[in-house]
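The values are calculated or read from the model by the stated rules, or taken from the named source; none is laboratory data. Here the structure is a predicted model, which is why all the values come from computation and not from measurement. Cβ placement follows ideal geometry from the backbone for every residue including glycine, while neighbour counts extend to all protein chains displayed. SASA here: full protein model, heavy atoms, side chains in, ligands and nucleic acids out. Shrake-Rupley method; radii C 1.70, N 1.55, O 1.52, S 1.80 Å.
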Amino acid sequence: MLGHLLDFIGRTHLVVLHFPIALIIVAAMVELTRALAPRYLERFTRAPRTTPFTPSPTALILIAFALLFTLITTTTGLVLGFDAPPKADTHRILGIVSAVLVLITTISAFAARHPSSSKPTTLYLTLLLISAAAVGLTGHKGGDLTHGQGFLTRPLTQLLNPDPEPTTPESEPPALNPADFNLTQASLDTYLSDVQPILTTKCVQCHGPDEAEQDLRLDTIAHTLDPSTNTIDRDDPENSDLLYFITLPPGDPDIMPPEDDPALEPLTESEIKTIVAWIRGLTG
């Protein structure tokens, strides 16, 4: 029961994570506009600022709510990623750093309400901008985790560096050597003839070179057997993530391919048996 409750709490991370990003960035935009606009007006009117800059009530409210949702988002994220692989460490560390920065920014904001000099205000604005950048970067890294590395920038990369048009027919791909993957020839043949076509048809749409959700690719045998992931555990095949997710009972929210996406065709019982038999036939 406790496990299910923690699982639910962790999954709320995907809902609340948008709030601190929007709140802290809007607060930074508001305060940056207030800080810079009078300076430009002074150039034209030559009228000096009559009152010192202090945090606006709007910004204080935004920052306070940003702190609340940052703490909630960080907590739920740590619960969700409790047993996440090492590739999630950067996102996890950035989340903690962002929470600390937003907390310090909140303290500096209220301290700058009645400044005795310009230093508290300058510190407040600096921390606010750094916090906004850190929260935005943390969100970006989270997007890379769920949608694959470079998810945000990939379309621009393809736009600026389009693949050249092939001028000659592509040559046949080189034959794979089973020794390169610590496989028997029979196991490699089974993968190429039976397993790869299933993965290509049912999995590569979300776990391929164009979109690698959870930073997982299944479009080649090298990626499928990548030892840095737990997609396939060569020492304990039953502990393989691929085996686990495709054998979950119908209706389970974690089953792969997801049942709630009408664009994805579920695996048939025969296809599941084929993949499972191949995984179980692998040894370290």
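Points to keep in mind about this one:
- For residue 14, solvent-accessible area (1.4 Å; no DNA, RNA or ligand), Å²: 100
- For 118, 131, the ranking by accessible surface with the largest value first comes to 118, 131, using a 1.4 Å probe.
- Placing unit charges on the Cβ atoms only, positive for Lys and Arg and negative for Asp and Glu, gives region 185-282 a dipole magnitude near 380 debye about its Cα centre.
- Backbone geometry of region 88-103 corresponds, through the Karplus equation with coefficients 6.51, -1.76 and 1.60 at θ = phi - 60°, to 3J(HN,Hα) couplings of 8, 4, 4, 4, 5, 5, 4, x, 5, 4, 4, 4, 5, 5, 5, 4 Hz, x marking Gly and Pro.
- Cut-off 15 Å between beta-carbons: net charge of the residues surrounding residue 232, Lys and Arg +1, Asp and Glu -1: -4
- In the context of the full protein assembly, residue 242 retains an accessible surface of approximately 20 Å², using a probe radius of 1.4 Å and ignoring ligands and nucleic acids.
- Spatial separation of Cα centroids for region 222-284 and region 100-140, in angstrom: 46
- Contact order for region 50-122, expressed relative to its length and based on alpha carbon pairs under 8 Å spaced 6+ residues apart, stands at 49 percent.
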